[in-house]
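Working notes for the structure below.
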Ligand code: GLC
């Protein structure tokens, strides 16, 4: 429809119809089956029927048939036949569950991010999704926060920015109305990953410089990639809830970043400004949100019940409503919904495309790039197929490995590690025991209760625990090597899953300790959505493979890697702390005036643990052995437009082929404000044949030296710089150069 027609439509609308467009409800309200896919506190919004058939969009209704049914039901009663928008949480895939976003980021390969986003977009678009609430690009430094699992860039602003752009472009393509494209909603703006104490929904307070240096780049990159929507976050930012924060939304997002798209609140966040204590009542919550510029009120009744009164009192508010509704109608128009309210939903195409073999095969390859090999003592991995292998742990015969945001995934193609091994190894040589539950019943029951779900009851739990351990020890004694599959419960990771203890559960640690007494080589596959504390078990393990929550093809992907059919290449995007007391910990920290260089007392350190992380940002091993040597800079001084070429030699000292992620970091040794000890500026994922040596080249330019200075200008300052190039943020070769203004 021409934009002129949109204006005419807007002029035809009553104030109730306009306000309706600014309300989003859970779409199952239109369906008698009322399947609840709520992702927040369950709410009955008590909207009038008239308002209900004027709402502008629905949340988490997907499936071509369901979408068409809801659209038909809605349009049958909507006076002007303005189609609903369907917005969904396709966080790591729709029917095919891909690795959780933190895992995807560990691939250090934008092609992995793009391909996952493309397949997810096509699957969800033919199932009726118009908008995808993704990417989540909140910089995340605190493993206590359950939502680090969604943070595709982890603790690094550059990774976050690169992955944000890649995801938005892969979702939206050139035209969001075309088959397989969805509008992207980048979230959560802003700085949600900095919640105090890692406690979800908590307070965020930081300097503008800290925000601009670390938290803003990924959001900015998504907006520059033309993300159609942004979602405001639950947290306050510097004293004002993000959702009603004019400085954030109006001054930064709208004016400075020139964002023209839609702004949607997070689930009930407008109403929550009352609990925050900045809105004295629901009417003021509506006023503050519309004045801040929120276009859509997700799952609260604030706009529905109070915007009309505010419009009648103040023409200016009605003008803002008109601006919001125009943005909403234009998005629907760009999606082609006025011509075809069903969008690209197609029941026949669903049957052909969803979960197709080609995409499943691709998913397995992509998944393998997200795994991070953390330990491989004496090259215990890959396993020799002729050995007797004990498969032990609650994740060996378990398909609950898709993570907490895969509400829609089809588990029919999920296999288990046990079954995957049975297909690959002589079954005479395989021995399986569960070894332990994931959690003890008091732990899982507190989680189930919080979700309003029935609790479990294991009779004689401690005897059962002993039995499982003895059974595991018995089969281990028949084996040459033990493969453990342990980790977090998927309901311990994701939204509202902050934890004050990030160690493996006690029952799993007991299993490790008991098996350790047998002195049989042991490898652990780790399932988790956050960096965990491993310093209390690492010395008992000969190998550790971090697989996060790997999704539909996880078991096959893991099995092939353990058996050496594919070589690990992933690198951590979040530092693993020594223990929870070290959170938040991140590589790009400041030096302080008393850096910890030795164990003298008066330096910045903890008395009771090492100061460095347990596993550093950028860390990941391979079945290859990469040797870095002869770093050279072609010049040691640069001015404004100069470029330094850094070259180094990397030798694969192994008979295996594989990829290495070579990382370039820079340190500004002296500036008008403190600068981090190092910052990632570039990386390359390079393939090596067995025993191959390659010369790898990086270009260093002045843009890499810029930062937010004491006057909040983004500039480089002349002075001395250090270059680090290596296999992670710690193991690097170094050199220096000088920059002159
Ligand atoms: C949730 C999450 C947000 C999600 C939204 C819709 O509370 O914070 O990431 O997209 O609600 O489910």
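Hey, what did the stretch 547-699 get for relative contact order, percent, Cα under 8 Å, at least 6 apart?
Working: 251 pairs, mean separation 35.3, N = 153.
Rounded, it is 23 percent for the stretch 547-699.
Could you list 370, 559 so that the one with the fewest beta carbons within 10 Å of its beta carbon is first and the one with the most is last? Display every interim value, and only then the final one.
Values: 370 30, 559 25.
In order of increasing Cβ crowding within 10 Å: 559, 370.
Quickly rank 716-727, 181-192, 687-698 as a protection proxy: mean count of other C-beta atoms within 10 Å, highest first. Walk me through the numbers on the way to the answer.
Working: 716-727: 18.9, 181-192: 26.5, 687-698: 14.7.
Sorting 716-727, 181-192, 687-698 by mean packing, highest first, produces 181-192, 716-727, 687-698.
Rounded, prolate or oblate, given the Cα gyration tensor of the stretch 3-350, with a/c below 1.5 counting as rounded?
The shape class here is oblate.
What length, rounded to one decimal in nm, is gained on full extension from residue 76 through to residue 46, with 0.36 nm per residue of separation minus their alpha-carbon distance? Numbers along the way, then the final one.
Numbers: separation 30, 0.36 × 30 = 10.80 nm, distance 2.06 nm.
Extra length available between residue 76 and residue 46 comes to 8.7 nm.
Nearest 5 is fine: what % of DSSP beta bridges in the chain come out antiparallel, could you say? Numbers along the way, then the final one.
On the way: 48 of 90 bridges.
Rounded to the nearest five, the antiparallel share is 55 percent.
If I take R0 = 35 Å and measure r between the Cβ atoms of residue 735 and residue 606 in this structure, what FRET efficiency does the formula 1/(1 + (r/R0)^6) give, to the nearest 0.05?
On the way: r = 32 Å, r/R0 = 0.91.
Once the sixth-power term is evaluated, E becomes 0.65.
Quick one: check the C-alpha center-to-center distance for the stretch 231-251 versus the stretch 718-734, whole angstrom.
If you average the Cα positions of each part, the centres end up 36 Å apart.
Rounded if a/c is under 1.5, else prolate if a/b is larger than b/c, else oblate: which is the stretch 311-375, with a ≥ b ≥ c the root eigenvalues of its Cα gyration tensor? Walk me through the intermediate numbers first.
Working: a/c = 5.97, a/b = 1.93, b/c = 3.09.
Because a/c hits 1.5 or more and a/b fails to exceed b/c, the stretch 311-375 counts as oblate.
Could you work out the relative contact order of the stretch 3-350? I mean the mean sequence separation of Cα pairs under 8 Å and 6+ apart, divided by the number of residues, in percent.
Working: 716 pairs, mean separation 69.8, N = 348.
For the stretch 3-350, the relative contact order is 20 percent.
Sort 473-480, 75-82 by packing, meaning the average of other beta carbons within 10 Å per residue, with the highest value first.
Details: 473-480: 16.2, 75-82: 14.2.
The peptides rank, most packed first, as 473-480, 75-82.
Once you sort the root eigenvalues of the Cα gyration tensor of the stretch 189-282 as a ≥ b ≥ c, which label holds: rounded (a/c under 1.5), prolate (a/b larger than b/c) or oblate (the other case)?
Oblate shape, in that a/c is at least 1.5 and b/c is the bigger or equal ratio.
Read-outs throughout are calculated quantities, based only on the coordinates presented, and are distinct from any laboratory measurement. Remember, predicted model here, so these are calculated numbers, not experimental data. Neighbour counts run over all protein chains shown; Cβ positions are idealised from the backbone, glycine included.
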